[in-house]
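Have a look at the structure below before the remarks.
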Amino acid sequence: MPVIHLIAPSGYCVKQEAAHRGVERLVSAGHEVENQAVIPRRFQRFAGDDNARLSDLSEIAQLSESTDIVLAVRGGYGMTRLLESVDYDAIARRLEQAPLAICGHSDFTVFQLALLARHPQAITFSGPMLAGNFGADDLNTFTWHHFWQALQEPEFTLQWVSDNTPFEASGTLWGGNLSMITSLVGSPWLPNIEGGILVLEDVNEHPFRVERMLMQLLRAGILNKQQAIILGSFNGTTLNTYDDGYNFDVMCDFLRSKLTVPLVTGLNFGHEARTVTLPLGASARLSHQGDMAMLTLSDHPVLRR
């Protein structure tokens, strides 16, 4: 069974009970979970001081081939502080030596994209984390299934209901958390991907804030040089009377009027109990027929059987 190595490069894990519950679930499923000492580690609001959290990332390059998965404990904030100090070359070399699935989302997005910017073949997985997902009160079977599907199947297909005109597109899949991606605009840590399929998600961001960030990506020339844009989950906000009918769907219609590429919504991806796992940097084929979208992923590393 896979060996899982924990890292905590971002925020302190407030939900300690959830994190330990996640470990128990993974162990009960037959997995070995290494480096549990990072779970209670704390410095101010972070999961350790900058040196400790950077050490987590440095250790990835030194992991033996018996380690299969690197799993982030949680997101929050902190990874941005470390970007200039990460040895991306060493981590990329480790990924070339043997399959290693590096998985996380939210704040972890900036590490995943910085690595991809320097090493386009260094594929990581945007998906569940220890505390919020595997340690949830009730483990979501959809999330569990799609996590192992992405890590074990060299090609897999996701289908979901979405409203759009028919089209087909293909390219490199990339993206993750919208706030984190927007924070990288103008920096060397954002991959310069043309003709890709960009997938985005966020949490606790009102539709007008989502629109503002998407307009920033549009004006930076990023959105319209993709083949297509996929929006995952954008939950955690409450509309009020001031919005006067302005909601997420209205925001999407406005964005479509500015785009020259298709925009697809409805994918279960992001800060929610029910989420797919996506290999960032993999080859992707996206199509839309009727009321169904279909995304096929391939050319990503898979765990040894």
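The values are calculated or read from the model by the stated rules, or taken from the named source; none is laboratory data. In this text, all values refer to a predicted model and were calculated from it rather than measured experimentally. Keep in mind that these areas ignore ligands, DNA and RNA; they rest on the heavy atoms of the full protein, side chains included. Shrake-Rupley method; radii C 1.70, N 1.55, O 1.52, S 1.80 Å.
Assorted remarks:
- Per residue solvent-accessible surface (Å²) - region 3-151, probe of 1.4 Å: 39 Å²
- In this structure region 155-298 gives 43 Å² per residue of accessible area when probed at 1.4 Å with all protein chains present.
- Gap separating the Cα centres of region 123-172 and region 53-91, nearest whole Å: 22 Å
- Converting the Cα gyration tensor eigenvalues of region 155-298 into ellipsoid dimensions via √(5λ) gives semi-axes, longest first, of 22, 18, 15 Å.
- With the whole protein complex present, T238 retains an accessible surface near 120 Å², based on a 1.4 Å probe.
- By a 1.4 Å probe calculation restricted to protein chains, R212 has an accessible surface near 140 Å², given to the nearest 10.
- Rounded percent of accessible protein surface that carbon and sulfur make up, the chain, 1.4 Å probe: 47 percent
- Sorting D202, D291 on solvent-accessible area from highest to lowest, probe radius 1.4 Å, gives D291, D202.
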